[in-house]
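Beneath this line is the structure, given in structure tokens, with notes to follow.
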């Protein structure tokens, strides 16, 4: 599998930009998405940042749907609420953007630290 790559500024604080950096995971991180009706859907994260990301799904979800994302990145398990955005057709399924809702500082720090560690080490994330 290809290694994760950094996109955008390496660190928002270091460059003075407000936008968080994004890491392309290319589907190497699996996620469980819990819907409001408690049904669960599996997906693969293609991009991730502290503001949200892009997930590959077999079938698209409704825009503005509030869900819970559960995934492992580095040595952390992230379990946070997110809002689904408008899907895009991909070769095999759908790419669906999402944004985190009120991400706690502890989760934000865990995501940022683990993504930076993945990029700096050049290692692939474990599913």
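The values are calculated or read from the model by the stated rules, or taken from the named source; none is laboratory data. Please read these numbers as outputs of a predicted model, since none were measured by experiment. Backbone-built Cβ (ideal geometry, glycine too); neighbour counts: all protein chains shown.
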For the range 89-102: of the residues being modelled with pLDDT of 95 or more and surrounded by fewer than 16 Cβ atoms within 10 Å (Cβ to Cβ), which is nearest to residue 116 (Cα to Cα)?
99
Filtered residue count, the range 3-37, keeping only those that are surrounded by fewer than 16 Cβ atoms within 10 Å (Cβ to Cβ), modelled with pLDDT under 80 and closer than 19 Å to residue 72 by Cβ
1
Suppose we filter the range 75-91 for residues that are under 15 Å from residue 53 (Cβ atoms) and not in a strand (DSSP E or B); how many remain?
3
Specify the residue that is surrounded by the most Cβ atoms within 10 Å (Cβ to Cβ); the eligible residues are those in the range 38-51 that are under 11 Å from the mean Cα position of the chain (by Cα) and part of a loop (DSSP other than H, G, I, E, B).
49
Test result for residue 116, touching a strand residue (DSSP E or B) at 6+ places or on another chain (Cβ under 9 Å), modelled with pLDDT under 95 and either within 13 Å of residue 23 (Cβ to Cβ) or surrounded by fewer than 18 Cβ atoms within 10 Å (Cβ to Cβ) (or both):
yes
Tally, over the range 52-63, of residues that are surrounded by fewer than 15 Cβ atoms within 10 Å (Cβ to Cβ) and closer than 12 Å to residue 88 by Cβ
1
